[in-house]
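The values are calculated or read from the model by the stated rules, or taken from the named source; none is laboratory data. Keep in mind the model is a prediction, meaning the values are calculated, not measured. Methodologically, a virtual Cβ is constructed for each residue, glycine included, from the backbone with ideal geometry; neighbour enumeration extends over all protein chains shown. With ligands, DNA and RNA removed, areas are computed over all heavy atoms of the protein, side chains included. Shrake-Rupley method; radii C 1.70, N 1.55, O 1.52, S 1.80 Å.
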Amino acid sequence: MRNERALVSVVPDMHNKRIGFLSFGHWARVPGSLVPTAGEALKQAIELAVAAEEAGIDGAFFRVHHFARQQASPFPLLAAIAARTSRIEMGTGVIDMRYENPLYMAEEAAATDLISDGRLQLGVSRGSPEPARNGAANFGYVPSDGEDGGDMARRHTALFRKAIAGHGVAQADPHYSGGATGLLPIQPQSPGLPQRIWWGAGTRKTAVWAAEQGMNLMSSTLLTEDTGVPFDELQAEQIRMFREAWAAAGHDFEPRVSVSRSVIPIVDAEDNRYFGLRAQADSQDQVGILDGALSRFGKSYIGEPDALADELAGDAAVQAADTVLLTVPNQLGVDYNAKLLGNVAKHIAPAFGWQANHVV
């Protein structure tokens, strides 16, 4: 059963790596964009997930941003992908929990997971800097006394996780609940979903907190701290601290850890036209201030496939993680991104431990 398979733990060794794509879901009517509208962004995301599954890719993940020309309401998209595919995981990286009604989200997530037969992988977090000033308040959510936005996101996450775990959250009315009393759980429920919630952690401290809470770790190409060491080493330390905290907490399942990387193999003239000039400019980590914190941004991997394979095989965090999410330039369209993913799968991913799920 696919539901049972979704609960199997993933050990980060050279035979259990997974790769997925991570799309920001941009659309815009600008020169060069093949995604001019929101409708095209959604439909092309579905088609790319189908193409990725056919190529043996393991996951289709989407960023969630509000008040921007990007994906904002992930569950219709993820449910549509679930209905069109049979093997690939689908998920988010990440949902900003400041904006979410935890119980409504629990219903949406459970329904989507049931459609997918247990393939949903939800990344959640406090969110990133956004276009709207105090945007969550416009959705009706404001921190309680003594809270900040991060505290509110954690509170929403705790209630969401309680709901998907089947705990009662609303007092029953015996007149309309068939005589039931006590607290009612949300419906539907999807067994196994609580083990497939990931926290997007931007620091080592937050990764430790996520482990203590029993959530998987999702770490992107940005860390909102810097110790002077290369990005992959700092991220590998974050992963090590997460795993140590997980072991100390004594949870009853093995966690998963994902990292994101921008990987663009240059294999033809089209690749070179789009990305050739970026190869040198983006080949080093960057350090700067983001949201008031000194932050380190990971480098992009752009170049000849053999060189990228060697670089990624030596990336400490890629080796420490079980899942690598490849950011894709979604505005270049389905065909280009399917080609890009196919080239990574064929020429690069085997070097850092990935094996295709099937022969294409």
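Dipole size in debye (nearest 20) for the chain around its Cα centre, Lys and Arg Cβ +1, Asp and Glu Cβ -1? Working shown, then result.
Details: 31 positive and 42 negative charges, 103 e Å.
The dipole of the chain has a size of about 500 debye.
Over the Cα atoms of the chain, what Rg and Dmax result, in angstrom?
Every Cα atom of the chain included, Rg and Dmax give 20.2, 70 Å.
Select from Ile186, Pro350, Ile95 the residue farthest towards the positive end of the dipole of the chain; place +1 on Cβ of Lys and Arg, -1 on Cβ of Asp and Glu, and compute about the Cα centre.
Ile186
Give the lysines reachable from Lys205 as a straight Cα distance under 17 Å; neighbours fewer than 8 places away on the same chain don't count.
none
Can you sort Asp252, Asp271 by solvent-accessible area, 1.4 Å probe, largest first?
Values: Asp252 145, Asp271 5 Å².
Ranked from most to least accessible, the order is Asp252, Asp271.
With all protein chains present, calculate the accessible area of Tyr336 using a 1.4 Å probe and round the result to the nearest 10 Å².
10
State the Cα centre-to-centre distance between the range 169-236 and the range 35-103 in whole Å.
19
Could you state the angle between the C-alpha long axis of helix 231-249 and the longest principal axis of the C-alpha atoms of the chain, as a value from 0 to 90 degrees rounded to the nearest 10?
Orientation of helix 231-249: about 30 degrees from the principal axis.
Tell me, which longest segment in the chain has none of the trypsin sites (Lys or Arg not before Pro) that fall in DSSP loops with at most 11 further Cβ atoms within 10 Å?
The answer is 134-360.
Treating only the Cβ atoms of Lys and Arg (+1) and Asp and Glu (-1) as charged, compute the dipole magnitude of the range 95-236 about its Cα centre; round to the nearest 20 debye. Before the final figure, lay out each step's value.
On the way: 11 positive and 17 negative charges, 41 e Å.
It comes to approximately 200 debye.
Along the charge dipole of the chain, which of Ala245, Gly168, Ser128 sits closest to the positive end, that is, farthest toward it, with unit charges on the beta carbon of Lys, Arg, Asp and Glu (+1, +1, -1, -1)?
Gly168
Any idea what log10 I(q)/I(0) is at q = 0.13, 0.14, 0.21, 0.27 Å⁻¹ for the range 285-343, Debye with uniform C-alpha scatterers and no solvent?
Result of the Debye calculation: -0.50, -0.57, -1.04, -1.17.
List the chymotrypsin sites (Phe, Trp or Tyr not before Pro) within the range 202-265 that DSSP assigns to loop and that have no more than 15 neighbouring Cβ atoms inside 10 Å.
Details: sites: Trp209, Phe231, Phe242, Trp246, Phe253; in loops: Phe253.
Loop-located and lightly packed - Phe253.
Reachable lysines from Lys339, Cα under 21 Å, same-chain residues fewer than 8 places away excluded?
Reachable lysines: Lys17, Lys43.
Go through Gly333, Ser262, Phe297 and say which Cα lies farthest out towards the positive end of the charge dipole of the range 252-336; charges sit on Cβ, +1 for Lys and Arg, -1 for Asp and Glu.
Value computed over the given set: Phe297.
Taking the Cα centre of the range 225-360 as origin, sum charge times position over the Cβ atoms of Lys and Arg (+1) and Asp and Glu (-1), and report the length of that vector in debye to the nearest 20. Mind dumping the intermediate values first?
Values: 10 positive and 21 negative charges, 55 e Å.
Here the size comes out at about 260 debye.
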